[in-house]
Amino acid sequence: MSEPTFPLPPHRLSVVVPMYNEKDNAKLQIDAVQEALQDYPQPWELIVVDDGSTDGTPRALRQRAAELGNHVHVVELRRNFRQTAAMQAGIDTARGDVIVTMDGDLQNDPRDIPKLVSRLLNEDLDMVAGWRQKRQDGFLLRKLPSMIANRLIRKVSGLEFKDLGCSLKAFRGDVLRQVRLYGEMHRFIPAWLATVTSPGRMAEEPVRHHARVMGESKYGISRTFRVIVDLLAMHYFLRFGTRPGHFFGGFGLILSALGGLMLAYLGVLKLLGEDVGGRPLLWLGFFSVLAGVQMLTTGVLAEILMRSYFDQSGARSYHVMRPDPRSTEEGWHGQDAADATV
């Protein structure tokens, strides 16, 4: 049975696949993408990122890429930097207007790529994420950690995606390149994209999912704890990334106020003749004021660093959906009349 066809506006497609110790799957993964996109009506490239594998994966990737042609490009990292860094390396290398990311263990099905890209472009979206409705994984080591992580991410980010852990996603390249991925942040790409585009320009699409046949999973229940740490960082950057003074200053004011009330209370008791020198409340009030001042100072320093970053790097606190195509000499009201009088 042939795959259904989807209308595809003109574009260039980059498929990014990070891999780590997937020697048995390396050739099969490249062949799966090649077969799925063999009749793709638009230019495309495959970028496979080897994340410092030690089992012969790089050699297998290079050999198959040389057999197929220059549209298959292998990026080799010097050591294992983990999945997020490998995915960022692939995104940095990608040249396409549309970028699709997927895992390299043959569990994501590349035959779903045209469907995701078609919806992305025809509905004028910035991201379409895969939703593994019938996930073929073990419950304890894969499904349970994913359920916990998805619930935590939805709670913190406010995004109602059902499967934030699915690596099969399609992005507009100019939007995805505006975010940088660190730590375990590849799980939070929809949340990071929400800092540069509207959640209304992101959607979720059911995709196929296959059980792992060869190799071993590199992730388990322990990743949930790493996700929690990164969630705290994500929450901070989403809420206070461009105004750190509000975050630190808020805590500083609360601590200073509480400490001030404690010391004021003890001051009244002292005026009434009571001995307050040995009371624990005196030390608690003193250190609360001190901690509050430190937090306020930290907030001021964070504001200075943030403003220096935006001023010196040319970064902006906003992101325009479509850049202005006009030159500096075009689009001025009354320009034609002024030119006619010259």
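The values are calculated or read from the model by the stated rules, or taken from the named source; none is laboratory data. It should be emphasised that the depicted structure is a prediction, and the values quoted were computed from it without experimental measurement. Because the Cβ atoms are built from the backbone with ideal geometry, glycine has one as well, and the counts that use them run over all protein chains shown. The accessibility values were calculated without ligands, DNA or RNA, using every heavy atom of the protein model including side chains. Shrake-Rupley method; radii C 1.70, N 1.55, O 1.52, S 1.80 Å.
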Subject >> Stokes-Einstein diffusion coefficient of the stretch 23-78, Kirkwood radius over Cα pairs, 4 °C, 1.567 mPa s, in µm²/s >> reply: 112 µm²/s
**OP:** With label points built 7 Å along Cα→Cβ from the Cα atoms of Thr54 and Asp174, find their separation and express it in nm.
**Re:** 4.4 nm
Subject >> Local electrostatic count, Arg95, Cβ distance below 13 Å [Lys/Arg +1, Asp/Glu -1] >> reply: -2
**OP:** Collect residues whose amide H, placed 1.01 Å from N in the peptide plane, falls under 5 Å from the amide H of Gly96; neighbours closer than 5 in sequence don't count.
**Re:** Ser14
Original post:
Where does the charge balance sit around Val213 when Lys and Arg score +1, Asp and Glu -1, over other residues with C-beta under 11 Å from its C-beta?
Top reply: -1
Subject >> Those trypsin sites (Lys or Arg not before Pro) in the stretch 44-95 that DSSP places in a loop and that have at most 14 other beta carbons within 10 Å >> reply: Arg78, Arg79, Arg95
Subject >> Surface accessible to a 1.4 Å probe, Phe286 within the full protein complex, Å² >> reply: 100 Å²
Original post:
Between Rg and the Kirkwood Rh of the stretch 1-98, both from Cα atoms, what is the Rg to Rh ratio?
Top reply: 0.99
